[in-house]
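For reference, the structure is listed below as structure tokens.
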There are 2 protein chains.
Amino acid sequence: MMNNYPSKMIEQAVEEISKLPGIGKKSALRLALHLLKRPEAQSLQLAHAVVQLRTETKYCPQCHMISDGDLCGICASHKRDESILCVVEDLRDVLAIENTGQFTGLYHVLGGIISPLSGISPGDLTIESLVARVASGKVSEVILGLSPTMEGDTTAFYLTKKLKEFPVKLSTIARGIPIGGDLEYTDEITLGRSIVGRVTYE
Amino acid sequence: MMNNYPSKMIEQAVEEISKLPGIGKKSALRLALHLLKRPEAQSLQLAHAVVQLRTETKYCPQCHMISDGDLCGICASHKRDESILCVVEDLRDVLAIENTGQFTGLYHVLGGIISPLSGISPGDLTIESLVARVASGKVSEVILGLSPTMEGDTTAFYLTKKLKEFPVKLSTIARGIPIGGDLEYTDEITLGRSIVGRVTYE
């Protein structure tokens, strides 16, 4: 019986690919064989893109979103309301919120979320820079756009403590039953919170 | 609204990663952000492994399995029965069959499967080399270990036509209801074939 891969190259590739989140050894082998089978230039392009991503990516000095130049497109735009900041975990959240077309303020990208289990502490995030932006006096509202998870709540708690000394309105994106969702099939915690946090008709 | 990524580096990385099978744009962005967040050395190691995979992988000259040296471990082993060949699509199938511990012969790795839709013709596979191995006279049985799909059946049909002029036994791995499977939930084609191909008690 063969327990090991017959080649060091394939073993190495499977090892590295399977370190990616959500990719196990079997998928990694499938991907490695795909990388071997398709035209060589394509596979080398992938490797090149990964190297470039790590060595040449820059960040917006104001909101810390990934960006090529100085200020990112959103921070540089004159159409955005710079008195409202939405604090998010990473670029994916910015893209998701931008796609709704419902937010015209600026962002602040934390670059992660406080997670003692993963070894991510407040010092690893762009929190000092957020405090400095709020302290500058241009901001009137900070919306916390964090996921309703344990880590998201921890981060929100930490941020509210840091920011409550400033004269800004602090808010969080609404949590409740998703539009189109069914009461019966909503989990108890979400349903419970949506009752406690009920909104009065005006 | 932002329809494009705010950085060329991230756009390029997402583009290349999403070319991999089974990975869409959303997963590609998730992976790209992961590559950015974890230690730089790890991400560069991945890129390096991909480059090495493409530029340094060698193949066994006899069975065409990926291998580092001359003959692969299986072909070089004295414990294997070199009169039986099992023809498979790629390394994954070799690993799967080896894990059963039920096969002691040698393999022949085609390096793909005949698929006009994907532009893979018999000339792209190691079929000539298979014919040469069979023609050498050392082989008494060729087992076709191909997937029971349209492409697998096409390849099997092509191979039986190529090999029937030689005095070797041709066989295929059994198709039928999987062990532990439920008759009721087996698809009609598998069930139909398992009735037509029923095995008489001896």
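Residue by residue through region A:131-172, note down the ones that are assigned to a loop (DSSP other than H, G, I, E, B) and more than 22 Å from residue A:189 (Cα to Cα). Let's see the steps before the verdict.
Start the filter on region A:131-172 by keeping residues that are assigned to a loop (DSSP other than H, G, I, E, B), which leaves A:136-140, A:145-149, A:164-168.
Within region A:131-172, A:136, A:137, A:138, A:139, A:140, A:164, A:165, A:166, A:167, A:168 meet the criteria.
Please verify whether residue A:35 is at the interface with chain B (Cβ under 8 Å from one of its Cβ atoms) and more than 30 Å from residue B:97 (Cα to Cα), treating the condition exactly as stated. Spell out how you get there, then give the answer.
Details: at the interface with chain B (Cβ under 8 Å from one of its Cβ atoms): yes; more than 30 Å from residue B:97 (Cα to Cα): no.
Answer is no for this residue.
Yes/no matrix, rows are residues, columns are (1) of a type in the set (A, V, I, L, M); (2) farther than 30 Å from residue A:51 by Cα; (3) modelled with pLDDT under 90:
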site	(1), (2), (3)
B:30	no, no, no
B:45	no, no, no
B:59	no, no, no
B:81	no, yes, no
B:88	yes, yes, no
B:102	no, yes, yes
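When the residues of region A:1-32 are filtered to those that are of a type in the set (S, T, N, Q) and either facing chain B (nearest Cβ under 7 Å) or touching a residue at least 40 places away in the same chain (Cβ under 8 Å) (or both), which remaining residue is surrounded by the most Cβ atoms within 10 Å (Cβ to Cβ)? Walk me through it before giving the result.
Kept after step one, since they are of a type in the set (S, T, N, Q), are these residues of region A:1-32: A:3-4, A:7, A:12, A:18, A:27.
Going one step further and asking which of them are either facing chain B (nearest Cβ under 7 Å) or touching a residue at least 40 places away in the same chain (Cβ under 8 Å) (or both), we end up with A:7, A:12.
Details: A:7: 22, A:12: 20.
Only one residue tops the list, namely A:7.
With the structure loaded, tell me whether residue B:157 is aromatic (Phe, Trp, Tyr), modelled with pLDDT of 90 or more and touching a Gly at 6+ places or on another chain (Cβ under 9 Å) or whether it fails that test. Before the answer, list the steps.
Values: aromatic (Phe, Trp, Tyr): yes; modelled with pLDDT of 90 or more: yes; touching a Gly at 6+ places or on another chain (Cβ under 9 Å): no.
No.
Select from region B:173-184 the residues that are among the small types (Gly, Ala, Ser) and either loosely packed, with under 12 Cβ neighbours inside 10 Å or part of a strand (DSSP E or B) (or both) and list them in ascending order.
Within region B:173-184, the first condition is being among the small types (Gly, Ala, Ser), and the residues that meet it are B:174, B:176, B:180-181.
Matches in region B:173-184: B:174, B:180.
Restricting region A:88-102 to residues that are without any contact (Cβ under 8 Å) to a residue 40 or more places away in the chain and crowded, with 20+ Cβ neighbours inside 10 Å, which is farthest from the other protein chains (Cβ to nearest Cβ)? Talk me through it step by step, then tell me what you get.
So the first thing to find is which residues in region A:88-102 are without any contact (Cβ under 8 Å) to a residue 40 or more places away in the chain, and the list is A:90-92, A:94-96, A:98-102.
Cutting the leftovers down to crowded, with 20+ Cβ neighbours inside 10 Å gives us A:90-91, A:94.
Working: A:90: 6, A:91: 6, A:94: 8 Å.
The qualifying residue farthest from the other protein chains (Cβ to nearest Cβ) is A:94.
How many of the residues in region A:139-168 are loosely packed, with under 12 Cβ neighbours inside 10 Å and of a type in the set (Lys, Arg)?
Residues that pass the stated criteria total 2.
Within region A:8-22, identify whether any single residue is over 28 Å from the mean Cα position of the chain (by Cα), modelled with pLDDT under 95 and among the polar types (S, T, N, Q), and answer yes or no. Step through it out loud before you land on a result.
At the first step, the residues of region A:8-22 found to be over 28 Å from the mean Cα position of the chain (by Cα) are A:8-12.
Next, from what is left, pick out any that are modelled with pLDDT under 95: A:8-12.
Remaining after also requiring among the polar types (S, T, N, Q): A:12.
Yes, there is a match, as at least one residue in region A:8-22 is over 28 Å from the mean Cα position of the chain (by Cα), modelled with pLDDT under 95 and among the polar types (S, T, N, Q).
With respect to the numbered conditions (1) within 11 Å of chain B (Cβ to nearest Cβ); (2) more than 24 Å from residue B:28 (Cα to Cα); (3) surrounded by 16 or more Cβ atoms within 10 Å (Cβ to Cβ); (4) aliphatic (A, V, I, L, M), which one is the sole condition not fulfilled by residue A:71?
With (1) within 11 Å of chain B (Cβ to nearest Cβ); (2) more than 24 Å from residue B:28 (Cα to Cα); (3) surrounded by 16 or more Cβ atoms within 10 Å (Cβ to Cβ); (4) aliphatic (A, V, I, L, M) applied to residue A:71, the lone miss is (3).
The values are calculated or read from the model by the stated rules, or taken from the named source; none is laboratory data. All of these numbers come straight from a predicted model, not from anything done at the bench. We place every Cβ from the backbone using ideal geometry, glycine too, and count neighbours over all the protein chains shown.
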